[in-house]
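K.L.:
Handing you this structure, nothing more for now.
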Amino acid sequence: GEDVEQSLFLSVREGDSSVINCTYTDSSSTYLYWYKQEPGAGLQLLTYIFSNMDMKQDQRLTVLLNKKDKHLSLRIADTQTGDSAIYFCAESMASNSGYALNFGKGTSLLVTP
Amino acid sequence: DTEVTQTPKHLVMGMTNKKSLKCEQHMGHRAMYWYKQKAKKPPELMFVYSYEKLSINESVPSRFSPECPNSSLLNLHLHALQPEDSALYLCASSQVRDSAYEQYFGPGTRLTVT
């Protein structure tokens, strides 16, 4: 599929907020997802947002969706060293063969003490 | 319980070997997926099974052969692989194959082809 764009790297200090941005491609995507991947591990679903929502909050995580600009962001409040990982945004895409996830290239978040 | 398990965790195989990767979930999900992930890249979809039937094969070489023996199990049979097939192989499942249902991933099998 077409590229879902993410910035490749973000460094923040412990206790600060982190904001990871994503631009997706398919305006008809009904769900948008954020996954976290720690080194050597699989993907952990963090949160998702339905396309008719502007915002979703889940504890330290806030997802903002600007459907007009096809822009998605993930804000992590009070970032901890354990939040260091790669974060992938993904859109659900309809194709000739049905529904599939289209992932961004991932943002590597480094949290320093 | 949102657990997808995969075995083995690590696998080293020669180019003439035959091996299998296994994936299991007990969440009652009826869609299961195989992804391939190279280092510092996003996962790439390989196969999708829906109700134990193969519904998507993303032009994967025939040296990869998937199998879904029942609704809880998904295998990936490997034969005559190439060194460039070395990657993390991820299994995922979702309630059904629909965008409304999130996919849960296993921890992956780290495959090295020598």
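The values are calculated or read from the model by the stated rules, or taken from the named source; none is laboratory data. Predicted model, so just to flag it, every value in this text is computed and none were measured. Cβ placement follows ideal geometry from the backbone for every residue including glycine, while neighbour counts extend to all protein chains displayed. Side chains included, ligands, DNA and RNA excluded: accessible areas come from the protein's heavy atoms. Shrake-Rupley method; radii C 1.70, N 1.55, O 1.52, S 1.80 Å.
K.L.:
Relative to the Cα centre, what is the charge dipole magnitude of chain B, using +1 at the beta carbon of each Lys and Arg, -1 at the beta carbon of each Asp and Glu, and rounding to the nearest 20 debye?
P.N.:
Details: 13 positive and 11 negative charges, 81 e Å.
Value, rounded to 20: 380 debye.
K.L.:
Further question: Within 10 Å of each candidate Cβ there may be at most 13 other Cβ atoms; applying that plus a DSSP loop requirement, which chymotrypsin sites (Phe, Trp or Tyr not before Pro) in region B:40-90 survive? Please report the intermediate quantities before stating the final value.
P.N.:
Working: sites: B:PHE47, B:TYR49, B:TYR51, B:PHE64, B:TYR89; in loops: B:TYR51.
Hits after loop and neighbour filter: B:TYR51.
K.L.:
Give the lysines whose C-alpha is closer than 20 Å to that of A:LYS36, dropping any in the same chain fewer than 8 places away, or say none.
P.N.:
By straight Cα distance, A:LYS36 reaches A:LYS56, A:LYS105, B:LYS9, B:LYS36, B:LYS38, B:LYS40, B:LYS41.
K.L.:
Shifting gears a bit: When DSSP assigns beta bridges and you keep just the ones with both residues in chain A, what percent turn out antiparallel, to the nearest 5?
P.N.:
Roughly 85 percent of the DSSP beta bridges within chain A come out antiparallel.
K.L.:
Taking the Cβ of A:LEU8 as the centre, find all other residues whose Cβ is under 12 Å away and add up their charges (Lys, Arg: +1; Asp, Glu: -1).
P.N.:
After counting each charged neighbour, the total is +2.
K.L.:
DSSP loop (so not H, G, I, E, B), at most 14 other Cβ within 10 Å: list which trypsin sites (Lys or Arg not before Pro) in region B:3-105 pass both filters. Intermediate results must be reported in sequence, preceding the final value.
P.N.:
On the way: sites: B:LYS9, B:LYS18, B:LYS19, B:LYS22, B:ARG30, B:LYS36, B:LYS38, B:LYS40, B:LYS53, B:ARG63, B:ARG97; in loops: B:LYS9, B:ARG30, B:LYS38, B:LYS40, B:ARG63, B:ARG97.
Taking region B:3-105 and a limit of 14 other Cβ atoms within 10 Å, the loop trypsin sites (Lys or Arg not before Pro) found are B:LYS9, B:LYS38, B:LYS40, B:ARG63.
K.L.:
What's the FRET efficiency of B:SER62 with A:GLU5 using the Cβ-Cβ distance as r and R₀ = 30 Å, to the nearest 0.05?
P.N.:
On the way: r = 33 Å, r/R0 = 1.11.
Result of the calculation: an efficiency of 0.35.
K.L.:
Let me ask something else about it. Using Cα positions and a limit of under 14 Å, work out the aspartates and glutamates in reach of A:LYS70, with same-chain residues fewer than 8 apart set aside.
P.N.:
By straight Cα distance, A:LYS70 reaches A:GLU2, A:ASP3, A:GLU5, A:ASP26, A:ASP54, A:GLU91.
K.L.:
In chain B, which Cys residues have no partner Cys with a Cβ closer than 4.7 Å?
P.N.:
B:CYS68
K.L.:
Among DSSP beta bridges whose residues both lie in the protein assembly as shown, state the antiparallel percentage, nearest 5.
P.N.:
Working: 78 of 88 bridges.
In the protein assembly as shown, approximately 90 percent of DSSP beta bridges are antiparallel ones.
K.L.:
How charged is the neighbourhood of B:LEU76? Take every other residue with its Cβ under 13 Å from the Cβ of B:LEU76, and add Lys/Arg as +1 and Asp/Glu as -1.
P.N.:
Once all neighbours under 13 Å are counted, the net charge is +2.
K.L.:
Residue farthest toward the positive end of the dipole of region B:1-111, with Cβ of Lys/Arg at +1 and Asp/Glu at -1: which of B:TYR33, B:HIS79, B:LEU21?
P.N.:
B:HIS79
K.L.:
Now, a different point. List the GluC sites (Glu not before Pro) in region A:1-105 that DSSP assigns to loop (not H, G, I, E or B) and whose Cβ has at most 10 other Cβ atoms within 10 Å. Which are they?
P.N.:
A:GLU2
K.L.:
Can I ask one more? Give me the net charge for the shell around B:LEU21: Cβ to Cβ below 15 angstrom, other residues only, Lys and Arg +1, Asp and Glu -1.
P.N.:
Taking every other residue near B:LEU21 into account, the sum is +4.
K.L.:
Report, in whole Å, the centroid distance computed from the Cα atoms of region B:64-86 and region B:89-114.
P.N.:
Between the Cα centre of region B:64-86 and that of region B:89-114, the gap is 13 Å.
K.L.:
While we're here: Could you give the dipole magnitude of the protein assembly as shown about its Cα centre, charging the beta-carbon of Lys and Arg +1 and that of Asp and Glu -1, in debye to the nearest 20?
P.N.:
480
K.L.:
Can you sort B:LEU90, A:LEU61 by 1.4 Å-probe accessible area, starting with the largest?
P.N.:
The ranking, largest first, comes out as A:LEU61, B:LEU90.
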